[in-house]
Amino acid sequence: MNTYGNIFKVTIFGESHSSLMGVVLDGVKGGIRINLDQIKEDLVRRQPQSLGNTLRREKDDFEIISGVLADEQGFLSTGAPITILLKNNNINSKSYEDFKFHYRPSQTDLVAKYRYDSYNDSRGSGIFSARLTALLTISGSIAKMVLDKVIFTSEITELAGIKDSSLFPEKVKEIIDSLDSIGGRIKVTIKNYPIGIGNPYFSKLSAELAHILFSIPAVKGVNFGDILDSSILQGSLFNDLILNAEGKTETNHAGGIVGGISNGNDIVINCLLKPIASIRLPQKTYNDKTKKMETLVIAGRHDSYYIDRARVILENACAIVLLDQLLLTKALK
């Protein structure tokens, strides 16, 4: 439930307002150069820095407590599980007390109560919180160190139906002023991933990527290549003509994956991210204490706009899958 992977295994623990969160990474072979600066850079990319981002500013101080040893150039993996702890310092739990009974629309307050028989930690939405994506970010950062020749990039392609990036800042300001929130689409592109990685049917490379991406709280849609472009929904237009024995194709409508196997072209993933549910705009929602629909004004620190922060999370989540699938395919050959 809290572990992903077959050979490269990622186990996360902790909650949004617990003093510590952490991740255990199993399957990193010995001798991998662990670049602490790269982890820090990825965590900075995830931190709130833009207009509309949450006011919860965490330093993201982390400590690697097992699985690495220092040498004259830094740190190397030992082959043992790598355990990393991440501190939560900037916590304000008081504003979440009301949500135990006065449920926020489209939030996890009610379903978590049923799932865990009311024993769940509801502070900051507990284990459901996007705060835990910091652990995915760290894990993917280390996966990238193993996949050293693979390149990950991403771009925001849409905000609330707007595709012209020059209009994004104006739309974000409009949403903030209206006490609302905004979602969008992000395209992730992965270059230099080897051909022939993945499996058919239940463990398709595309299915595994979708699996971990849907684990990210805001992700509501995942597709590969440009299959949703209705103008190419004919075989003669959609087919990617093969140009050489290495699998290079004239087009890349399939997004780099055919039959659940990487085909040597860029892997292209389009992700739809919903608006953040906790908005400052007053909403009527059920109050279990009074047994009535009542107006709820959500206090606390929440993003109105977060899509810029999500890019590194998506990239690094993909890196986790791509490393695990590479190791798994090699093990099955």
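Every read-out reported here was derived from the displayed coordinates using simple, explicitly stated rules and does not represent laboratory data. The structure displayed is predicted, hence computed values, not measured ones. Every residue, glycine as well, gets a Cβ built from its backbone with ideal geometry; the counts of neighbours run over all protein chains shown.
So if the hydrodynamic radius of the stretch 162-298 is defined as the Kirkwood radius over C-alpha pairs, what does Stokes-Einstein give as its diffusion coefficient at 37 °C and 0.692 mPa s, in µm² per second?
Roughly 182 µm²/s, to the nearest whole number.
If neighbour count is taken as other Cβ atoms inside 10 Å, put 77, 125 in order from fewest to most. List each step's numbers first, then the result.
On the way: 77 21, 125 26.
Going from least to most buried by this count: 77, 125.
Hey, got a sec? Which GluC sites (Glu not before Pro) in the stretch 19-117 land in a DSSP loop and have at most 16 other Cβ atoms within 10 Å?
Taking the stretch 19-117 and a limit of 16 other Cβ atoms within 10 Å, the loop GluC sites (Glu not before Pro) found are 72.
I'd like the orientation of helix 36-46 relative to the chain: the angle between its Cα long axis and the longest Cα principal axis, in ° from 0 to 90, rounded to 10.
So the inclination is approximately 50 degrees.
Relative to the first principal axis of the alpha-carbon coordinates of the chain, what is the inclination of helix 307-332, with its axis defined by its Cα atoms, in degrees from 0 to 90 and to the nearest 10?
40 degrees
Could you give the dipole magnitude of the stretch 89-235 about its Cα centre, charging the beta-carbon of Lys and Arg +1 and that of Asp and Glu -1, in debye to the nearest 20?
That gives the stretch 89-235 a dipole magnitude of about 380 debye.
Relative to the compact globular guide of 2.2 N^0.38 Å, what is the alpha carbon radius of gyration of the stretch 7-118, as a ratio?
It is 1.35.
Take 1, 145 and order them by how many other Cβ atoms sit within 10 Å, fewest up front.
In increasing order of surrounding Cβ atoms, one gets 1, 145.
Enter the Cα centre distance for the pair the stretch 180-209 and the stretch 298-333, rounded to the nearest angstrom.
Centre-to-centre (Cα) distance: 10 Å.
What are the chymotrypsin sites (Phe, Trp or Tyr not before Pro) within the stretch 106-166 that DSSP puts in a loop, where the Cβ has at most 10 other Cβ atoms within 10 Å? Please report the intermediate quantities before stating the final value.
Numbers: sites: 114, 116, 119, 128, 152; in loops: 116, 119.
Answer by residue number: 119.
Within the set 191/330; 149/173; 9/113; 187/284; 94/173, which residue pairs have Cα atoms separated by over 31 Å?
The pairs that break the limit, which is 31 Å between Cα atoms, are 149/173; 187/284.
Sequence gap at least 6, Cα distance under 8 Å: using those rules, report the relative contact order of the chain to the nearest whole percent.
Computed value for the chain: 23 percent relative contact order.
Given the options 282, 81, 48, state which has the largest fluctuation in a GNM of the chain using a 10 Å cut-off (strictly under) for Cα springs.
Top of the fluctuation ranking is 282.
Please identify the trypsin sites (Lys or Arg not before Pro) of the stretch 142-185 that satisfy two criteria: DSSP loop assignment and at most 13 other Cβ atoms within 10 Å. Which are they?
Qualifying residues, ordered by number: 149, 163.
Rg/Rh for the chain: what does it come to with C-alpha atoms and Rh from Kirkwood?
Here the Rg-to-Rh quotient is 0.99.
Using 0.36 nm per residue of separation minus the Cα-Cα distance, give me the extension gain between residue 38 and residue 242 in nm, one decimal.
69.8 nm
Taking +1 at the Cβ of each Lys and Arg and -1 at the Cβ of each Asp and Glu, which of 112, 141, 276 sits farthest along the dipole of the stretch 93-332 towards its positive end, judged by Cα position relative to the Cα centre?
Ranked along the dipole, the leading option is 112.
Placing +1 at every Lys and Arg Cβ and -1 at every Asp and Glu Cβ, with all other atoms neutral, what dipole size does the stretch 38-129 have around its Cα centre, in debye to the nearest 20?
Computed charge dipole of the stretch 38-129: roughly 480 debye.
With +1 on each Lys and Arg Cβ and -1 on each Asp and Glu Cβ, and nothing else charged, work out how big the dipole of the stretch 93-332 is about its Cα centre, in Debye to the nearest 20.
Using only the charged Cβ atoms, the result is roughly 820 debye.
Counting other beta carbons within 10 Å of each Cβ, put 302, 211 in order, fewest first.
211, 302
I want to verify a result. In a Gaussian network model of the chain, Cα cutoff 10 Å, which of these has the top mean-square fluctuation: 245, 319, 277?
Ranking 245, 319, 277 by mean-square fluctuation puts 245 first.
Output the 0 to 90 degree angle, nearest 10, between the alpha-carbon long axis of helix 168-177 and the longest principal axis computed from the alpha carbons of the chain.
The helix 168-177 is inclined about 20 degrees to the chain.
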